[in-house]
1. Residue by residue through region 121-135, note down the ones that are under 12 Å from the mean Cα position of the chain (by Cα) and in a strand (DSSP E or B).
2. In region 1-24, is there at least one residue being at pLDDT 90 or above and either of a type in the set (D, E, K, R) or touching a Gly at 6+ places or on another chain (Cβ under 9 Å) (or both)?
3. Would you confirm, using the coordinates I've provided, whether residue 67 is modelled with pLDDT under 90 and at negative phi?
4. With respect to residue 54, is the statement that it is surrounded by 14 or more Cβ atoms within 10 Å (Cβ to Cβ), farther than 16 Å from residue 159 by Cβ, in contact (Cβ under 8 Å) with a residue 12 or more places away in the chain and in contact with a Pro (Cβ under 7 Å, 6 or more places away or on another chain) true?
5. Between residues in region 110-126 that are more than 17 Å from residue 77 (Cα to Cα) and residues that are of a type in the set (Val, Ile, Thr) and exposed (fewer than 14 other Cβ atoms within 10 Å of the Cβ), which pairs lie under 8 Å by C-beta distance while being six or more apart or on different chains?
6. Picking from 33, 46, which residue would you name as being within 20 Å of residue 134 (Cα to Cα), among the acidic types (Asp, Glu) and at pLDDT below 90?
7. State yes or no: is residue 166 more than 19 Å from residue 32 (Cα to Cα), in contact with a Pro (Cβ under 9 Å, 6 or more places away or on another chain) and modelled with pLDDT of 90 or more?
8. Among the numbered conditions (1) closer than 24 Å to residue 49 by Cβ; (2) surrounded by 17 or more Cβ atoms within 10 Å (Cβ to Cβ), tell me where residue 88 comes up short.
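The values are calculated or read from the model by the stated rules, or taken from the named source; none is laboratory data. Values in this document were obtained by computation on a predicted structure and should not be read as measured data. Cβ placement follows ideal geometry from the backbone for every residue including glycine, while neighbour counts extend to all protein chains displayed.
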Amino acid sequence: MDKRIKIFFVLLTLLLSAFLTSCSNAPELVRSEVEVDSGGDVVCAEIAENSLTSRGADILIRNTSQDATLFFGEGHSLEVYNNGGWYKAPAVTEEFLVDDIGYMAAPGESLRISIDWEGWYGSLEPGRYRIIKSIEVYDSQEFDSTGGPLSGLGSNQINVAIPFEII
C-alpha cells in the first residue's frame, strides 16, 4: 500500500509540474520592427537627470538644428532588451489612451515631458529599456501665418530611441 501511495504522489507531482509549466503567465515577447534614427543634427533626446523610476521618467527633447522645427505628441512606445535584441515591452492593458497634446520645438529649443508608463506596462523590472518617440521634422519655412505647418507639405518622420536601465 505504501508503494502505491508513493507512485500516486510522484505521478501527481509530475502532472502538476507539467500543468503549471504549460500555464505560464509570462507574455511572449515580440521583436521590435521600429527603425530608429540617431536624430543626427536635428534632435537630442534623453532621460532627465534624477527623474527615472520603475514607473516613469521625464524626457528632454532638444531641437539641435538651425532651421528645422520639431512636432511630436504624448505617444511613445517602450521596448525591452532581451537575448541580444529589442522587443516590444509587454503591456498590462489592451487600451492605450494618450492625451492628444502636440508639442512644437523651434530651433535651439528644449522641452521636458513627463512619461508615466505604469498604467500601460506596469512597474518595470530591472533591465535595459528604451522609449521610442516619433518626431516630425519640418523645415522652418514650411509654416503658415498661425505658426502651423502648411498642409500638403511633407515632413521627415524620425523615431528616436531613449535608452535607460532599471537597476
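1. Start the filter on region 121-135 by keeping residues that are under 12 Å from the mean Cα position of the chain (by Cα), which leaves 121, 124, 128-134.
If the condition is that a residue be under 12 Å from the mean Cα position of the chain (by Cα) and in a strand (DSSP E or B), then 128, 129, 130, 131, 132, 133, 134 are the ones that fit.
2. Filtering region 1-24 for residues at pLDDT 90 or above gives none.
No, region 1-24 contains no residue that is at pLDDT 90 or above and either of a type in the set (D, E, K, R) or touching a Gly at 6+ places or on another chain (Cβ under 9 Å) (or both).
3. Working: modelled with pLDDT under 90: yes; at negative phi: yes.
Taking the combined requirement at face value, the residue satisfies it.
4. Working: surrounded by 14 or more Cβ atoms within 10 Å (Cβ to Cβ): yes; farther than 16 Å from residue 159 by Cβ: yes; in contact (Cβ under 8 Å) with a residue 12 or more places away in the chain: yes; in contact with a Pro (Cβ under 7 Å, 6 or more places away or on another chain): no.
Here the answer is no, as residue 54 does not meet what is asked.
5. These pairs meet every condition: 126/167.
6. Details: 46 fails: at pLDDT below 90.
Sole residue among the options that is within 20 Å of residue 134 (Cα to Cα), among the acidic types (Asp, Glu) and at pLDDT below 90: 33.
7. Working: more than 19 Å from residue 32 (Cα to Cα): yes; in contact with a Pro (Cβ under 9 Å, 6 or more places away or on another chain): yes; modelled with pLDDT of 90 or more: yes.
Yes; evaluated as a whole, the condition is true for this residue.
8. For residue 88, the exception is condition (1).
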